[in-house]
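See below for the structure under consideration.
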Amino acid sequence: MPRSVNKKAHEAFLMGEMTFTTLSKKGLDDSRAYFEQALALEPGYARAMAELSYAYVHTATAGWHDAQEAVEALAKAEVYSKLAVHLDPDDYDTHWSRGFYYINSGKKGDFQKGIRAFRKAKDLFENSTDRIDRKPGLLAEMGEALVYDGNPSQGIKLLERAINLVPDWYRWNMAFACYCDKQYQRAIDELDSMFRKPGDPRYVYDSLLTRAAAYAQLGESKKAKKAVRDFLRTKKAKHGKPWTVQDELKRTPFKGDKKGRALRDHWIEGLRKAGLPHGE
């Protein structure tokens, strides 16, 4: 990937990533068009070339295009993925796209080439890539490829890593948003999907308050009170003092207008129902 990329080319690339989907023909076509625009503006943009190849593979496999279009899309994916690796052999993303093409090409002998390309991508991902630039989707797709390759146990390990690389606080934030939107069961479901579980030292234990408030609003008082007890025990062990409603009021920066106050009151209501001490 060029160290310095034309600004408009990079903007087109980002739009390609943002619009990418396999859920609609238009979304997939739009994404591909943005990547093509990025390459028109920056012909040596290897990352855009890799993503264009990836989009072409999905064009062939997502079921939105006819058989001839699918054949043509795979042919283009082959060319773009090969050239992307040639232009930037040190970018894990180019090898990822090359591996994805091989796995889905349907050509005899390409599958093992795909596994090798994925392994190269994984090596670069882990040893030569800035953490900010790492997309856990590589591990997820390599895990899927390993399943197809007859190694589901290896695939599961990579998929677990991929899930682990998505921070649990993302799910916690989602759960909190769902609670505030009065989607209480969805809030609990989001918390249940967190990779770390209670007892794990890296568990986001503050999320227990969201769980407690959601359970309280659902009328499940026993579960709500247990979540509060677990939270208070862990909070005190880590910080040396209990946590109260007053502490939570100071921590949560709801906007001071009418809507913000209503959301704040709703949040505190759930915590009080769950049994969080009021404090002074």
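State the label only: which of (1) 1, 6, 13, 17, 20, 17, 12, 8, 4, 2, 1, 0, 0; (2) 1, 6, 10, 13, 13, 11, 9, 9, 9, 9, 7, 4, 1, 0, 0; (3) 1, 5, 10, 15, 17, 15, 12, 8, 5, 3, 2, 2, 2, 1, 1, 0, 0, 0 corresponds to P(r) over Cα pairs in 5 Å bins from 0, in percent computed from the shown model?
(2)
Q68 to K258: FRET efficiency via 1/(1 + (r/R0)^6), r the Cβ-Cβ distance, R0 45 Å, to the nearest 0.05?
Working: r = 59 Å, r/R0 = 1.31.
It comes out at approximately 0.15.
Cα convex hull of region 211-280: how many Å³ per residue?
Values: hull volume 5.6 nm³, N = 70.
Measuring per residue, one finds 80 Å³ for the Cα hull of region 211-280.
Under the rule of -39500 (n - 2.57) per DSSP H run of 4 or more residues, summed and divided by the residues of the chain, what mean residue ellipticity at 222 nm is obtained, to the nearest 500 deg cm²/dmol? Intermediate values should be presented prior to the final figure.
Details: 14 runs with 200 residues, N = 280.
When only DSSP H runs of four or more count, the value is -23000 deg cm²/dmol.
Give me the dipole magnitude in Debye, nearest 20, for region 201-270 about the Cα centre, with unit charges on the beta carbon: positive for Lys and Arg, negative for Asp and Glu.
For region 201-270, the charge dipole is close to 240 debye.
So what's the Cα pair-distance distribution over region 147-280, bin width 10 Å, in %?
12, 38, 31, 12, 6, 1, 0
Residues of region 13-57 with the amide nitrogen closer than 12 Å to a label point 7 Å from the Cα of D123, along Cα-to-Cβ, please.
Residues passing the 12 Å test: none.
Place a +1 charge on the Cβ of each Lys and Arg in the chain and a -1 charge on the Cβ of each Asp and Glu, then give the dipole magnitude about the Cα centre in debye, rounded to the nearest 20. Please list the in-between numbers first.
Details: 48 positive and 39 negative charges, 336 e Å.
With only Lys, Arg, Asp and Glu charged at Cβ, the dipole is about 1620 debye.
So how far apart, in nm, are the two label points at R233 and K107 if each is 7 Å from Cα heading toward Cβ?
A separation of 6.0 nm, rounded to one decimal place.
Rounded to the nearest 0.05, what FRET efficiency do L14 and D181 have when you use their Cβ-Cβ distance and R0 = 30 Å?
Once the sixth-power term is evaluated, E becomes 0.60.
Under a crude label model (7 Å from the Cα following the beta-carbon direction), how far is L249 from L165 in nanometres?
Each label point lies 7 Å from its Cα, and together they span 4.4 nm.
Here is the link list: K157/K182; K135/K273; K122/K235; K76/K113; K26/K113; K235/K273. Which ones come out longer than 29 Å on Cα distance? Please list the in-between numbers first.
Numbers: K157/K182 35 Å; K135/K273 40 Å; K122/K235 38 Å; K76/K113 18 Å; K26/K113 31 Å; K235/K273 19 Å.
Violating the 29 Å Cα-Cα cut-off are K157/K182; K135/K273; K122/K235; K26/K113.
Taking only Cα atoms, what is the 0 to 90° angle, nearest 10, from helix 92-104's long axis to the longest principal axis of the chain?
70 degrees
Taking every pair of Cα atoms in region 7-135, average 1/r, invert it to obtain the Kirkwood radius, and report Rg/Rh to two decimals.
Working: Rg = 14.0 Å, Rh = 14.5 Å.
We get a ratio of 0.96 for region 7-135.
Taking 0.36 nm per residue of sequence separation and subtracting the Cα-Cα distance, how much length would be gained by fully extending the chain between R134 and S4, in nm to one decimal?
Residue separation times 0.36 nm, minus the Cα-Cα distance, leaves 44.9 nm.
As a footprinting exposure proxy, order W172, W96 by other Cβ within 10 Å, with the fewest listed first. Don't skip to the answer; put the middle values down first.
Values: W172 21, W96 29.
By the 10 Å Cβ count, ascending, the order reads W172, W96.
Laboratory data are not the source of any read-out in this text; all were calculated from the coordinates shown. Since the model is a prediction, treat every value here as computed from it, not as a measurement. For neighbour counting, all protein chains shown are included, and Cβ atoms are generated from backbone atoms with ideal geometry for every residue, glycine included.
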